[in-house]
1. May I ask you to verify whether F23 is in contact (Cβ under 8 Å) with a residue 24 or more places away in the chain and hydrophobic (A, V, I, L, M, F, W, C)?
2. Every residue in segment 16-61 that is of a type in the set (S, T, N, Q) and in a helix (DSSP H, G or I), please.
3. Kindly list, by first and then second residue, each pair from a residue in segment 65-83 that is touching a residue at least 60 places away in the same chain (Cβ under 8 Å) to a residue that is hydroxyl-bearing (S, T, Y) and surrounded by 10 or more Cβ atoms within 10 Å (Cβ to Cβ), limited to pairs with Cβ atoms under 9 Å and residues at least 6 apart or on different chains.
4. Collect the residues in segment 62-120 that are at pLDDT below 75 and part of a helix (DSSP H, G or I), keeping them in residue-number order.
5. Going through V50, V33 one at a time, which residue ends up being touching an Asp or Glu at 6+ places or on another chain (Cβ under 8 Å), of a type in the set (A, V, I, L, M, F, W, C) and touching a residue at least 12 places away in the same chain (Cβ under 8 Å)?
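The values are calculated or read from the model by the stated rules, or taken from the named source; none is laboratory data. These numbers were taken from a predicted model, which means no experiment stands behind them. Every residue, glycine as well, gets a Cβ built from its backbone with ideal geometry; the counts of neighbours run over all protein chains shown.
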Amino acid sequence: MQTLRKVLSVGALVALVVGVALFATRDTNQLPVQVHYLFGQAEAPLWQLVGGAFLGGGVAGWLLSVLPWTRARLSARRQRKRAERLETELHQLRNLPLSQDESAAAPPLAEGGTGPSGSG
């Protein structure tokens, strides 16, 4: 399955390179084209302008998809660390002794100082 995926990926890459080369070498796409945009104007061969627009759109799309992905990864990392801290705390709480010492478990002395037996 991975071999087929690699073959298809290489085939798609080769097809893309051949398509771009054919588009760039065509005579009609070598002619200069003037483009007016927000900050001015540019004049370049059509294939360069189309390629630049394609590349710019790809970079913008990549950035728009990477930023939320990075945010989600950082949030997952934060939550994983929090869960680890809580698991450590739970483990420490489970290891606490169930009962205290006999001396600590005895009720405090009454005001008369007679102790728990009531004699004296």
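1. For F23, the condition - in contact (Cβ under 8 Å) with a residue 24 or more places away in the chain and hydrophobic (A, V, I, L, M, F, W, C) - is met.
2. T25, T28, N29, Q48
3. none
4. Scanning segment 62-120 gives E102, S103, A104, A105.
5. From the options V50, V33, the qualifying one is V33.
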